[in-house]
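Scroll down for the structure; my scribbles are underneath it.
The values are calculated or read from the model by the stated rules, or taken from the named source; none is laboratory data. On a predicted model such as this, the values are computed, not experimentally measured, just so you know. Counting neighbours? That spans all protein chains shown, and the Cβs are built from the backbone with ideal geometry, glycine included.
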Amino acid sequence: MAAEDPFHHLHDEDYARPYLKNLAGAGSLYPRGGRPVEPLDGEWRLTLDLFDEGLRQKWFALDETPPSQWAVPRDYEIEAGETVPVPSCWNLLKPEWTYFEGAAWYTRSFDWAPGPPGERVMLALGAANYLALAFLNGMPVGGHQGGSTPFTLDVTAAIRPGRNRLQIMVENRRSPFRVPMQHIDWFNYGGLYREVALMRLPALAIRQARAALTGDGRMILARIEMDQPFDGTGAFRVPALGIDLPVPIRQGSGEVQVAFTGTPWSPENPVCYPVEFVAGADRFTDRIGFRTLATRGTDILLNGRPVWLRGACVHEDDRDFGKVSTPEDLRRRFRHLKALGANFARLSHYPHHEDAARLADEEGILLWAEVPVYWAIAFDNPATLSDAENQLGELIARDINRASIILWGVGNENADTDARLHFMARLAAVARAADPTRLVGAACLINREDFTIEDRLAAHLDVIGLNEYFGWYEPDFSGLEQLLANSSPDKPVIISETGADALPGYRAAGRVLFSEDWQAEFYRQQWARIVATPYVAGIAAWLLYDFRTERRQTGFQRGWNRKGLIAEDKETRKLAFHVLAGLYRGRDEPS
Ligand code: ADA
């Protein structure tokens, strides 16, 4: 073992430290930007590693000698791993892996043909829950923490012509210091559950390219940021609008303004324009809708006009695929939202697959996108704050050009303590600094003593989210009436969650919990009170589909949160779906 490696002893409990030093963050992310990639999806080998032996014993450094030629015994053999598909969640691949929470090693090989001199190669991962460490040809090439955001690792120094061996350790333990922490109301899936690919970049590359309307909606402001200091001239093009402009780049960044003569993006007319940013030898493409967004008093203004949000929350969860979002799953999601009469969805409670917002752009569904600052995060822990900041930064960097996203959510139902106020006010500031074109919100708690919307964080938000379950967790709606009457917020309030459980097919008259009938009646009662409240700017029903969660273990639930308007099969519409669709369309009858 090399003398400079102080972590050489098998039983050294500091074994993980060297690999955790330089985890990739928002600043190192290269959004795809339409660049071609070489996918690494498909068959991988997977070995579970509950005791973290892989890091302790350096499994990545072992050669691939077959066991018949081993000089000494080993505890790891690539070929002995199970063959698994990537993307996938390991929990759903074998019954005995269902509840596995720990580390697991993914391994595959691939062939590589080098490109022009100076070319760099990035390993691009859509997400890995929660910690990922990558090793290419036995060399550590970096890692990432945060279970739902993308990251890119520069593997130029480790990749070689011909055959390469890639290993990725993914570890999904729940912990009080992670974001989210260990106590959540959804399933803790593990694994490489989004796409893995290699992306080639020229020696000088575009790190970020964005275009959005200025506040008055008259001009497009386009900006290019390079990954190194560079003085030169780039280009910004929107062929459909006849835009082809030089972008002066100084010290690695530059911007340009041009009059907007196109059609603004809106749910009714979700027009997206193909755009192109060019700088040096790099080309970044996207499809961008142009619209303005603001608040005025308690209204949310889209293109200068008030918009009222009718929507539903949705988890990234599937009975058969877990957190894997297939294109069919996403398309079905938007078909269901449309059938509901929705113009809005809350992507709960963490960044979803990037195609969710891309499809929302095309379909005209407004989005609330958020980071999993959920319930009782370790608000006083600086490392937890930087993890949350990083996840927020990565989400914004990935989705900066998505017209559908109107709001960055910085938290959900967090008790109003000093530490939480500091933590989440900081996140609100991070969101504003990274993206001044969108609103910042959070799902807040209420003051239950005097029944008012009261949260010190509200001063740092543009929109107050209100999660309330009067009529479900509370026996009646009187608290909601008091709350709505007692409060007079000076900014828009969105009912960011409200809902009731219903077991599909269970029918009963009156307030019978878990019946389809009560879930439907619950929405009628909620709706009447909510739409009569002028400062409420929208509602997101909790939620579109039933989802897996180990917190829920009555006979009605059996490991599922049953507040879906649609059952876990993503097909069976409950009575409440039809009732809410009728309400969203302006008539109180099943559609
Ligand atoms: C909370 C939480 C949701 C969900 C909901 C419920 O409001 O924000 O994630 O779990 O409760 O179903 O009770």
query: Going through region 78-105 one residue at a time, which ones are among the acidic types (Asp, Glu) and within 18 Å of ASN172 (Cα to Cα)?
result: GLU96, GLU101
task: Would you check which residues across region 447-461 are assigned to a loop (DSSP other than H, G, I, E, B) and more than 21 Å from ARG426 (Cα to Cα) and list them?
output: ARG448, GLU449, ASP450, PHE451, ILE453
- request: Among the residues of region 84-136, count how many are over 22 Å from the mean Cα position of the chain (by Cα), free of Cβ contacts under 8 Å to residues at least 40 places away in the same chain and assigned to a strand (DSSP E or B).
  value: 1
field: Flag if GLU571 is under 26 Å from the mean Cα position of the chain (by Cα), without any contact (Cβ under 8 Å) to a residue 12 or more places away in the chain and more than 23 Å from GLU454 (Cβ to Cβ)
entry: yes
task: Determine if region 251-266 includes at least one residue that is under 22 Å from the mean Cα position of the chain (by Cα) and either buried (at least 20 other Cβ atoms within 10 Å of the Cβ) or under 30 Å from ASN91 (Cβ atoms) (or both).
output: no
task: Run GLY280 past the list (1) within 23 Å of the chain's Cα centre (by Cα); (2) surrounded by 15 or more Cβ atoms within 10 Å (Cβ to Cβ); (3) not hydrophobic (A, V, I, L, M, F, W, C) and report the number of the one that doesn't hold.
output: (1)
query: Looking at region 329-368, which of its residues are more than 16 Å from the ligand (Cβ to nearest atom) and of a type in the set (Phe, Trp, Tyr)?
result: PHE334, PHE344
query: If you scan region 308-323, which residues turn out to be surrounded by fewer than 19 Cβ atoms within 10 Å (Cβ to Cβ) and either within 15 Å of the ligand (Cβ to nearest atom) or of a type in the set (A, V, I, L, M, F, W, C) (or both)?
result: TRP308, PHE321
message: If the requirement is being in contact (Cβ under 8 Å) with a residue 60 or more places away in the chain and away from the ligand (no atom under 16 Å from the Cβ), which of these qualifies: THR326, THR417, THR384?
response: THR384
- request: May I ask you to list the residues in region 534-560 that are part of a loop (DSSP other than H, G, I, E, B), more than 12 Å from the ligand (Cβ to nearest atom) and surrounded by 17 or more Cβ atoms within 10 Å (Cβ to Cβ)?
  value: TYR535, LEU544
query: Out of ASP111, ASP63, which single residue is farther than 15 Å from ARG45 by Cβ, surrounded by fewer than 18 Cβ atoms within 10 Å (Cβ to Cβ) and touching a Lys or Arg at 6+ places or on another chain (Cβ under 7 Å)?
result: ASP111
- prompt: Does region 462-480 contain any residue that is assigned to a strand (DSSP E or B), within 16 Å of the ligand (Cβ to nearest atom) and surrounded by fewer than 18 Cβ atoms within 10 Å (Cβ to Cβ)?
  reply: yes
message: Restricting to region 441-460, give me the number of residues that are surrounded by fewer than 23 Cβ atoms within 10 Å (Cβ to Cβ), under 15 Å from ALA537 (Cβ atoms) and at pLDDT 95 or above.
response: 1
- request: Give the number of residues within region 575-591 that are under 27 Å from the mean Cα position of the chain (by Cα) and either assigned to a loop (DSSP other than H, G, I, E, B) or among the acidic types (Asp, Glu) (or both).
  value: 0
query: Tell me, which helices (runs of 4 or more DSSP H) lie completely within region 354-439 with 3 or more residues that are closer than 21 Å to ARG32 by Cα and not hydroxyl-bearing (Ser, Thr, Tyr)?
result: 354-363, 382-399
